[in-house]
Amino acid sequence: MILRIFFVVIVFVQNCFTNDFLFDRVRNFVGDEVFKINKNFIEKLFSQQQIFFRDGVLDNKKVLETLKNNGLMSLKFNSPKDVSIVFSSHTSPIFLLRSVNNALASMGYSYFEVKKAEYENNISKIIFSFTSEYMIDPLIVIEEMNKRGFIFNKVKRINMQAWEYDVDILDSKIANAKSIEIGDSLDLKEVSGEYWLQIFEISGNMNITANSIDWKPKIIFFDKNLHIIDILKKEEVMTNIAFNVLKDVRFILISDAQNPINIKNGIKVIFSGF
């Protein structure tokens, strides 16, 4: 009997904590004024609080979708404002910067500045700033960063003109990188003369042939956080090169040591096992 009472008390305390945490997040997303005015409506929307958690972790996307679909997310300003979005993650600054830059470009934001960038205790933190009549929709931010292999630990509205995102890499990706596996043969053509490949924890032998007689290979190997593992560079002109790919390599950048344009006409990549 005592154990049963103890169990009931524990469940009650956990439910109270979960409920408080959920409504604290909702209040943060919509702001105090909107929360107070719509308190009864919000309590009804989130009455089944368990559906907004996954394995005990708040599903920020589901909460934000519920608020947006019910007209409780205000993202428009009366006039253009200076707005900011803050990203922090256990990854390299260059990978986080590249990922967010690419995500913002996909959302149509081409004019923005990096207001602050820091790397401390293996955590990168970058503040992006721009002028707009709208705050960037956090739902779109989540969707675009999910596409690039990120998951969201925490989403926080700092104020009307700034949001903060704490993210981790679940499966690092580069938007324009071509995935390649053992047994694949790819014919690629990039007018920039820079070719990104993405590999998933496999080793093998890679053979590259350029559709050019002026190629001086420059091949850079990166890990999942875009840290450079190795650089293969040749000063002599060649049309074909072969090399081993180690298991820790996630991304490979293939270009030309003198001018990337030299291989704009394309390359052929063959990836085989040892």
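Each value in this text was obtained by applying a stated rule to the coordinates, not by laboratory testing. Nothing here was measured: the structure is a model prediction, and the numbers come from that model. When we count neighbours, we look across all protein chains shown, and the Cβ atoms used for this are built from the backbone with ideal geometry, even at glycine.
Span-like helix check, the chain: qualifying full DSSP H segments, with Cα axial length of 30 Å or more and mean Kyte-Doolittle of 0.0 or more, are 2-30. Going from the residue with the fewest nearby Cβ atoms within 10 Å to the one with the most, Phe23, Phe29 rank Phe23, Phe29. Of the options [x] 0.93; [y] 1.05; [z] 1.30, only one is Cα Rg over 2.2 N^0.38 Å as computed from these coordinates, and that is [z]. With a cut-off of 12 Å on the backbone N, the residues of the stretch 68-102 near the modelled label site 7 Å out from Val114 along Cα-Cβ are 92-102.
If the reach is capped at under 18 angstrom between alpha carbons, list the lysines near Lys39, excluding any in the same chain fewer than eight residues apart. Of all the lysines, those that pass the test against Lys39 - Cα under 18 Å, at least 8 places apart if same chain - are Lys68.
FRET efficiency for the Asn205 to Asn265 pair, using the beta carbon distance and R₀ = 35 Å, is estimated at 0.90. Averaging the sequence gap over all C-alpha pairs within less than 8 Å and six or more residues apart, then dividing by the number of residues, gives the stretch 178-272 a relative contact order of 47 percent.
Using Cβ point charges alone (K and R +1, D and E -1), the dipole size of the chain about the Cα centre works out to roughly 540 debye. The calculated FRET efficiency for Tyr134 paired with Lys36, based on their beta-carbon distance and R0 = 22 Å, is about 0.40.
Where does the longest stretch of the chain lie that holds no trypsin sites (Lys or Arg not before Pro) found in a DSSP loop with 14 or fewer other Cβ atoms within 10 Å? Between the exposed loop sites, the longest stretch runs 1-188.
Loop-located GluC sites (Glu not before Pro) in the stretch 129-223 (DSSP state not H, G, I, E or B) with no more than 12 neighbouring Cβ atoms inside 10 Å: Glu181, Glu201. Inter-label distance, Glu65 to His227: 3.6 nm, where each label sits 7 Å from its Cα along the C-beta direction. Going by neighbour counts of Cβ atoms within 10 Å, the residues Trp196, Trp163 line up, fewest first, as Trp196, Trp163. Farthest toward the dipole's positive end in the stretch 127-214, which of Ile180, Ser203, Phe130, given Cβ charges of +1 (Lys, Arg) and -1 (Asp, Glu) about the Cα centre? The listed residue farthest towards the positive side: Phe130.
For Arg27 and Ile123, a Förster radius of 25 Å and the Cβ-Cβ distance give a FRET efficiency of 0.40, rounded to the nearest 0.05.
What the Kirkwood sum gives for the stretch 178-272 is a hydrodynamic radius of 13.1 Å, with every pair of different alpha carbons counted. Listed by chain and number, the aspartates and glutamates whose alpha-carbon sits under 13 Å from that of Lys218, ignoring those within fewer than 8 places in the same chain, are Glu194, Asp230, Glu235, Glu236, Asp256.
When the Gaussian network model of the chain links Cα atoms closer than 10 Å, the mean-square fluctuations of Ser99, Ser185, Ser79 top out at Ser79.
For the listed residue pairs Lys125/Lys268; Lys224/Lys268; Lys115/Lys268; Lys154/Lys189; Lys115/Lys216, the alpha carbons are over 32 angstrom apart in Lys125/Lys268; Lys115/Lys268; Lys154/Lys189; Lys115/Lys216.
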